[in-house]
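The next block holds one structure in the form of structure tokens; read it before the comments.
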Ligand SMILES: *Cc1c(COP(=O)(O)O)cnc(C)c1O
């Protein structure tokens, strides 16, 4: 089979898969997952026909996927893929470009540059910022914190990349009590330590208490967040910056999904002061709805990042963009395609529509007598059904029921089901169907308790 025919057939399979998502349970069936066993074999001696390879993938793989590309997946914070972004991903796959250098791929660098400019514009962030395309928010936070570590130590005359951290002046790291757990992973990688942090208390929505910020001196990095992963609440970035900047501290914002609120005139008030920070991290694979994987690190002053990640080798010129990786996928292609296909209005509409659907969930669940635990300011809804065991049982039953998929969490001691509306594909009808299913399943399970 010619490559062209193979790709055409694959496109038909992919289209059939996406069209079928509406009809199938969101979670894969137990049988479909069990059939993955059929993929297990000794490493084959003989080559296989590419057509058969794809057939096998579709036959066994497609049914065992989680239907997160459809409209009724509300687990974690998982976007779908906008049609233009998915199609761009395919074309970029065919291009197989290495986005490391201009010479390796003029188109990858050009699209990243354009997409970066549009992003800074849409999010209202300083236009001189460096934008790094990485795998996700974990690496975006890491990249921004690499720059932060460089900058705060450089300010006391320490070259951390050259000299390392042994005998370095201590760096104070301040986080809110609701910091995302992946930030600790990043701090561990950076030699700053998971436990060597000052934890500032938060309010009932998980917001960093600016008034509890300790007095600051010496090299200091403060990690805030825009969009708490449970409540969607925003830390008071502007207030913290007012205290932090006179002391020379670096303020970083983890805005894995919440940063996108800045792209909506209606939601933008949540993000006021955000632009005062020194660096930001966000995901494009969450709310921007590009295919996995894609995260973005944004650093206001590109200098420390450039210093931290640059390499020097005779055969390898300085990269156009600053990332921890060297060879890498041309992620800017999909970000460009997503932004181009949405435009400013489409992006604002995506954010506003999903937030509206989250409010629809909250209202429907409250009407049915369940308690909403958070103030629904963004796209996240926390609903309580009862104690830990009851909540866990209901979440499992909702997932098994298959109409929709939601995960569990514990919010300030309360076990809860968490609903995140992050996909462009979710419609009012999806929400109403999901609401009906959740309420039916929860009432059935609670009834069972009383019987
Ligand atoms: C999802 C998320 C992360 C981690 O992002 P990845 O893309 O999984 O690396 C970090 N912080 C917050 C607030 C998140 O929601």
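The values are calculated or read from the model by the stated rules, or taken from the named source; none is laboratory data. Computed from a prediction, not measured in an experiment: that's the story for all the values here. Because the Cβ atoms are built from the backbone with ideal geometry, glycine has one as well, and the counts that use them run over all protein chains shown.
In table form, for the structure just shown:
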quantity	calculated
Residue match in region 274-285 (condition: away from the ligand (no atom under 16 Å from the Cβ) and surrounded by fewer than 21 Cβ atoms within 10 Å (Cβ to Cβ))	yes
Verdict on residue 383 being away from the ligand (no atom under 16 Å from the Cβ), modelled with pLDDT of 95 or more and in a strand (DSSP E or B)	yes
Meets criteria (away from the ligand (no atom under 16 Å from the Cβ), touching a residue at least 60 places away in the same chain (Cβ under 8 Å) and assigned to a loop (DSSP other than H, G, I, E, B)) for residue 67	yes
Listing of strands (runs of 3 or more DSSP E) fully contained in region 110-211 that carry 1 or more residues being more than 16 Å from the ligand (Cβ to nearest atom) and within 22 Å of residue 261 (Cα to Cα)	130-134
Region 139-158 residues that are closer than 22 Å to residue 194 by Cβ and at pLDDT 95 or above, paired with ones that are within 16 Å of the ligand (Cβ to nearest atom) and part of a helix (DSSP H, G or I) (beta carbon under 7 Å, 6 or more apart)	141/182; 141/183; 141/186; 142/186; 142/189; 145/186
Failed item, numbered, when residue 256 is tested on (1) more than 14 Å from the ligand (Cβ to nearest atom); (2) in a loop (DSSP other than H, G, I, E, B); (3) buried (at least 19 other Cβ atoms within 10 Å of the Cβ)	(1)
Pair list, Cβ under 6 Å, 6 or more apart: region 255-280 residue on the phi > 0 side of the Ramachandran plot, other residue more than 16 Å from the ligand (Cβ to nearest atom) and in a helix (DSSP H, G or I)	273/238
The listed residue being in contact (Cβ under 8 Å) with a residue 60 or more places away in the chain and out of contact with any strand residue (DSSP E or B) (no Cβ under 8 Å at 6 or more places or on another chain), out of 5, 32, 27, 11	11
Hey, residue 321 more than 20 Å from the chain's Cα centre (by Cα), outside any helix (DSSP H, G or I) and crowded, with 16+ Cβ neighbours inside 10 Å or not	yes
Flag for residue 324 being in contact (Cβ under 8 Å) with a residue 12 or more places away in the chain and within 16 Å of the ligand (Cβ to nearest atom)	yes
Cross-chain or 6+ apart pairs with Cβ under 7 Å, region 363-381 first and under 14 Å from residue 420 (Cβ atoms), then assigned to a helix (DSSP H, G or I) and modelled with pLDDT under 95	none
